[in-house]
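Visitor: Following this message is one structure expressed as structure tokens.
A short reminder: the numbers here are calculations on the coordinates, not readings from a lab. Predicted, not measured: the structure shown is a model, and the values here were computed from it. Reconstructed Cβ throughout: ideal geometry from the backbone, glycine too, with neighbour counts over all protein chains shown.
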């Protein structure tokens, strides 16, 4: 009896941006006053919004961005290990997006052009500090590395699409977007 | 059958009845087939796709266009005819056919075909001028494609910006060959041809010595300039004339905008 009167346990949610632009996180904040309603249902673990550095056991993980360096892969695996449900949010997480436009170029050529030869940019040489994660030869979407449970496309997905997805999931329904909310751009 | 004089033999009557049963008279009432349980009328010689389109019923497709003869290559329009798989753009409608179209089984297969197209090319909608007007994108929306599912190929396909008025971005080519048909059948120029080998090499090619569009007599007024269902053949110096959000498939899903043949 008492159990039914106590407030339901909040779902623990972690979010991160890998090779992304934080646009999906901005779009998430665009759900505006619905955030207050959402905070009755969820609490945040690791996220740019909390500044917690490592992901603990979570119900939901939202990944923005694809994989362009070794640290991205490490963070993604940490999320997969700790999140019951992992969601790829936005074009970059789903197909590599804008960072993947370098995939038909040689990585060394790109680095040399940016750090050594291109006019108008500082020519400090290619950074090689041991603390910097090594770039991957190609940018990859996250489903190529870990199992992804749901995909939420868009560049970014609109606030309404994110809200529809979240409310469906929190209510125990299969998230569906449909015409007007499902966008790849 | 003309019954000339006085007696009509029993045999003749029987023969007539048999002929009717084998090949029903081509009256309007008989030329009907079932598409997902609904009656669809057709005129003899029409394919299932042509009859469905004339009826305003959507069958997903990419390489078929009402103004051109069927190419039958994309297989998106695969339906089940009396229990057997077949391309609705090439199968002639017959009276009494039972055709399955938008079943979960068929749409699942269609989605997989789309996902293979998406990973084989470089389809980055956010940076594509065709977004919102793109048949590939709209079809993927219609079939609820949430991810590419497969590993990406990221093929290297340089663009051809040689022509003064038209840009060719081969990254988005889905090999529907509609430009080949339009240039050959309407423009009479034969500028485009399918060529190359293998998954990554095969795409539309330009029939000029240099392989560049600038070295052909291609014009922005050609039918082939406006036929591309995706963002390969694009007019230069024209971008975002209609904003994202107000484009063809933003207004209604592709299944509610069945395009009929140009009269």
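Visitor: Going 7 Å from the Cα of residue A:104 in the Cα-to-Cβ direction, what parts of segment A:120-145 have a backbone nitrogen less than 19 Å from that spot?
Guide: The answer is A:137-141.
Visitor: Here is a further query. Cα gyration tensor of chain B, axes a ≥ b ≥ c as square roots of the eigenvalues: rounded (a/c below 1.5), prolate (a/b > b/c) or oblate?
Guide: Details: a/c = 2.54, a/b = 1.95, b/c = 1.30.
Judged from the Cα gyration tensor, chain B comes out prolate (a/c at least 1.5, a/b above b/c).
Visitor: A further question on this structure: Take residue B:73 and residue A:26, extend 7 Å from each Cα along the Cα→Cβ direction, and tell me the distance between the two endpoints in nm.
Guide: If labels sit at residue B:73 and residue A:26, their model points lie 4.1 nm apart.
Visitor: Which of A:66, A:120, A:20 moves the most in a Gaussian network model of chain A with Cα springs under 10 Å?
Guide: Most flexible of the set in this elastic network: A:120.
Visitor: What FRET efficiency comes out for the pair residue A:43/residue B:185, r = Cβ-Cβ distance, R0 = 56 Å, nearest 0.05?
Guide: E between residue A:43 and residue B:185, to the nearest 0.05, is 0.35.
Visitor: Per residue of chain B, what 222 nm ellipticity follows from adding -39500 (n - 2.57) for every DSSP H run with n ≥ 4, rounded to the nearest 500?
Guide: It comes out at -6000 deg cm²/dmol, rounded to the nearest 500.
Visitor: Okay, next question. Over segment B:26-102, what is the relative contact order in percent, taking alpha-carbon pairs closer than 8 angstrom and at least six residues apart?
Guide: Averaging sequence separation for qualifying contacts and normalising by length gives 39 percent for segment B:26-102.
Visitor: While we're on this one: What's the angle, to the nearest 10 degrees (0 to 90), between helix B:10-22's Cα axis and the longest principal axis of chain B?
Guide: Helix B:10-22 sits roughly 20 degrees off the main axis of chain B.
Visitor: Same structure again: Could you give the angle, 0 to 90 degrees to the nearest 10, between helix A:70-82's Cα long axis and the longest principal axis of the Cα atoms of chain A?
Guide: Between helix and principal axis, roughly 20 degrees.
Visitor: What is the antiparallel percent of DSSP beta bridges lying wholly in the protein assembly as shown, to the nearest 5? Intermediate results must be reported in sequence, preceding the final value.
Guide: Values: 22 of 41 bridges.
So the antiparallel bridges amount to about 55 percent of the total.
Visitor: Could you calculate the contour length gain from residue B:104 to residue B:144, that is, 0.36 nm times the residue separation minus the distance between their Cα atoms, to one decimal place in nm?
Guide: Numbers: separation 40, 0.36 × 40 = 14.40 nm, distance 1.15 nm.
Stretched out fully, the residue B:104 to residue B:144 stretch lengthens by 13.3 nm.
Visitor: Of the candidates A:19, A:119, A:70, which one comes out as most mobile in a Gaussian network treatment of chain A with C-alpha springs shorter than 10 Å?
Guide: It is A:119.
Visitor: Moving on. Over all pairs of distinct alpha carbons, what does the Kirkwood formula give as the hydrodynamic radius of segment B:56-159, in Å?
Guide: Values: mean 1/r = 0.0663 Å⁻¹.
15.1 Å is the Kirkwood radius here.
Visitor: Place a label point 7 angstrom from the Cα of residue A:160 along the Cα-to-Cβ direction, then list the residues of segment A:26-70 whose backbone nitrogen is under 20 Å away.
Guide: Taking a point 7 Å out along Cα→Cβ of residue A:160, the residues of segment A:26-70 whose backbone N falls under 20 Å are A:26-38.
Visitor: Still on this structure: When DSSP assigns beta bridges and you keep just the ones with both residues in chain A, what percent turn out antiparallel, to the nearest 5?
Guide: Beta bridges within chain A, antiparallel portion: roughly 15 percent.
Visitor: Between residue B:165 and residue B:82, how many nm apart are label points set 7 Å from Cα along the C-beta direction?
Guide: 5.0
Visitor: Based on the alpha-carbon gyration tensor of the protein assembly as shown and its eigenvalue square roots a ≥ b ≥ c, which shape applies: rounded if a/c is under 1.5, prolate if not and a/b is larger than b/c, or oblate?
Guide: Oblate, since a/c reaches 1.5 and b/c is not below a/b.
Visitor: Next question, about the same structure. Using the number of other C-beta atoms within 10 angstrom as an exposure proxy, rank A:117, B:90 with the fewest first.
Guide: A:117, B:90
Visitor: Also: Put one equal scatterer on each alpha carbon of segment B:148-263, apply the Debye formula with no solvent term, and list log10 I(q)/I(0) at q = 0.11, 0.12, 0.16 1/Å to two decimals.
Guide: The calculated log intensity ratios at q = 0.11, 0.12, 0.16 Å⁻¹ are -0.43, -0.51, -0.88.
Visitor: Moving to a separate point now. What is the ratio of the Cα radius of gyration of segment B:26-102 to 2.2 N^0.38 Å, where N is its residue count, to two decimals?
Guide: Segment B:26-102 yields a ratio of 0.98.
Visitor: Take the Cα atoms of segment B:216-263, find their three principal axes, and give me the spread along each one in whole Å, biggest first.
Guide: Each principal axis gives a Cα extent; for segment B:216-263 these are 37, 28, 17 Å.
Visitor: Still on this model: Is the shape of chain A rounded, prolate or oblate, going by the alpha carbon gyration tensor and its root eigenvalues a ≥ b ≥ c, with a/c under 1.5 for rounded and a/b larger than b/c for prolate?
Guide: prolate
Visitor: What is the spread of the Cα atoms of segment A:125-178 along each of their three principal axes, largest first, in whole Å?
Guide: Computed over the Cα atoms, the extents are 50, 23, 19 Å.
Visitor: Taking a point 7 angstrom from the Cα of residue A:33 along the C-beta vector, which residues in segment A:146-185 have backbone N less than 18 Å away?
Guide: So the set is A:159-160, A:163-164.
Visitor: Right, here's the next one. Using only Cα positions of segment A:1-88, each an equal point scatterer, no hydration layer, compute I(q)/I(0) via Debye at q = 0.11, 0.17, 0.18, 0.24 Å⁻¹ and quote the log10 values to two decimals.
Guide: Reported log10 I(q)/I(0), two decimals: -0.33, -0.72, -0.80, -1.25.
Visitor: Here's a follow-up. Between A:145, A:13, A:73, find the one with the highest GNM mean-square fluctuation for chain A; connect C-alpha pairs within less than 10 Å.
Guide: A:145
Visitor: OK, next. When the chain is fully extended, how far beyond the present Cα-Cα distance does residue A:113 get from residue A:145, taking 0.36 nm per residue of separation?
Guide: Gain on stretching residue A:113 to residue A:145: 8.6 nm.
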